[in-house]
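Colleague: Pasting a structure below so you can have a look.
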Amino acid sequence: MARAGLTTETLVRAGAELADEIGFEHATPTELARRFGVRTASLYSHVRNAHDLKTGIALLALEELADRVSEAVAGRAGKDALTAFADAYRDYALQHPGRFAAAQFRLDPEAAAASAGARHAQLSRAVLRGYDLPEPQQTHAVRLLGSVFSGFVGLEGAGEFSHSAPDAQESWTAILDALDALLRTWPARS
């Protein structure tokens, strides 16, 4: 019988909430045990160690983010899809900073293969279909989008844009306009 209602899913979800509150790096079995009022050892039948907990939180975050992006881009194409994709990504990062950090956690090959990571790549490629990019240019564009979105929301989450004008939203809109223009005129290489 699970002690204090503890299950792997309960601990991962509580760990994700904890990550959003105090930071992904601080979401540990010890901190979770404090929250549940149990000894840390009580958690080890559900999560093996801190790495196992962080992997679970990362898998949850990747799944949640893929679900949001999928819903946002459904039925859209071109710049509309790009903007919906980007906004879903940014909104998730702002609403769930710890989970967003968890989505960047390096997974072992088995966990990565079972994760929603492949869905993220498929969603990026679905957005890029509206720009008619051939391979390998499409792969370069997927990497560019991921870099720009992760970089912007990471800096924004750290408060880097709060000390100067214009507002971060204005910059976000300008960046999406620039990405759309770049993707429509992406140079072809053989």
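The values are calculated or read from the model by the stated rules, or taken from the named source; none is laboratory data. Source: prediction; values computed, not measured. Cβ sites come from the backbone with ideal geometry, for glycine too, and all protein chains shown count toward neighbours. The protein model used for the area step is the full one, side chains on, heavy atoms only, and it has no ligands, DNA or RNA in it. Shrake-Rupley method; radii C 1.70, N 1.55, O 1.52, S 1.80 Å.
Colleague: Name the single residue that is surrounded by the fewest Cβ atoms within 10 Å (Cβ to Cβ) among those in segment 138-178 being more than 17 Å from Asp80 (Cα to Cα) and of a type in the set (Phe, Trp, Tyr).
Modeller: Only one residue tops the list, namely Phe161.
Colleague: Considering only segment 83-102, I want to know if a residue exists there that is open to solvent by less than 70 Å² (accessible area, probe 1.4 Å), of a type in the set (Ser, Thr, Tyr), at pLDDT below 95 and assigned to a helix (DSSP H, G or I).
Modeller: No, every residue in segment 83-102 fails to be open to solvent by less than 70 Å² (accessible area, probe 1.4 Å), of a type in the set (Ser, Thr, Tyr), at pLDDT below 95 and assigned to a helix (DSSP H, G or I).
Colleague: Within segment 10-52, how many residues are assigned to a helix (DSSP H, G or I) and of a type in the set (Ser, Thr, Tyr)?
Modeller: Of the residues in that region, 4 qualify.
Colleague: Something else: Restricting the search to segment 35-62, which residues are crowded, with 18+ Cβ neighbours inside 10 Å and touching a Pro at 6+ places or on another chain (Cβ under 8 Å)?
Modeller: Once the filter is applied, which keeps residues that are crowded, with 18+ Cβ neighbours inside 10 Å and touching a Pro at 6+ places or on another chain (Cβ under 8 Å), segment 35-62 yields Leu43, Val47, Leu53.
Colleague: Condition (residue is in contact (Cβ under 8 Å) with a residue 40 or more places away in the chain, open to solvent by less than 60 Å² (accessible area, probe 1.4 Å) and part of a loop (DSSP other than H, G, I, E, B)) applied to segment 63-74: is it met by at least one residue?
Modeller: no
Colleague: Further, regarding this structure: With the requirement that a residue be within 10 Å of Gly15 (Cβ to Cβ) and in contact with a Leu (Cβ under 9 Å, 6 or more places away or on another chain), what does segment 44-56 give you?
Modeller: Of everything in segment 44-56, those that are within 10 Å of Gly15 (Cβ to Cβ) and in contact with a Leu (Cβ under 9 Å, 6 or more places away or on another chain) turn out to be Val47, Leu53, Gly56.
Colleague: Right, here's the next one. Quick one: which residue in Ala126, Ala181 is surrounded by fewer than 19 Cβ atoms within 10 Å (Cβ to Cβ), part of a helix (DSSP H, G or I) and at pLDDT 95 or above?
Modeller: Ala181
Colleague: Name the single residue, out of those in segment 103-123 being assigned to a loop (DSSP other than H, G, I, E, B) and touching a residue at least 12 places away in the same chain (Cβ under 8 Å), that is surrounded by the most Cβ atoms within 10 Å (Cβ to Cβ).
Modeller: Restricting to residues being assigned to a loop (DSSP other than H, G, I, E, B) and touching a residue at least 12 places away in the same chain (Cβ under 8 Å), the top hit is Ala116.
Colleague: How many residues, within segment 37-92, are of a type in the set (S, T, N, Q) and within 28 Å of Asp177 (Cα to Cα)?
Modeller: The qualifying residues number 2.
Colleague: Condition first: more than 24 Å from Glu25 (Cα to Cα) and β-branched (Val, Ile, Thr). Now tell me which residues in segment 56-94 satisfy that.
Modeller: Listed by number, the residues that qualify are Val69, Val73, Thr83.
Colleague: How many residues are acidic (Asp, Glu) and either under 20 Å from Gln138 (Cα atoms) or touching a Ser or Thr at 6+ places or on another chain (Cβ under 6 Å) (or both) if we restrict to segment 149-190? If you could, list the steps in order and put the result at the bottom.
Modeller: Filtering segment 149-190 down to residues acidic (Asp, Glu) leaves 156, 160, 167, 170, 177, 180.
From the residues that got through so far, the ones that are either under 20 Å from Gln138 (Cα atoms) or touching a Ser or Thr at 6+ places or on another chain (Cβ under 6 Å) (or both) too are 177, 180.
Residues that pass the stated criteria total 2.
Colleague: Quick one: in segment 155-170, of everything that is assigned to a helix (DSSP H, G or I) and free of Cβ contacts under 8 Å to residues at least 12 places away in the same chain, which residue is nearest to Leu94 (Cα to Cα)?
Modeller: Step by step, filter segment 155-170, then rank; the result is Leu155.
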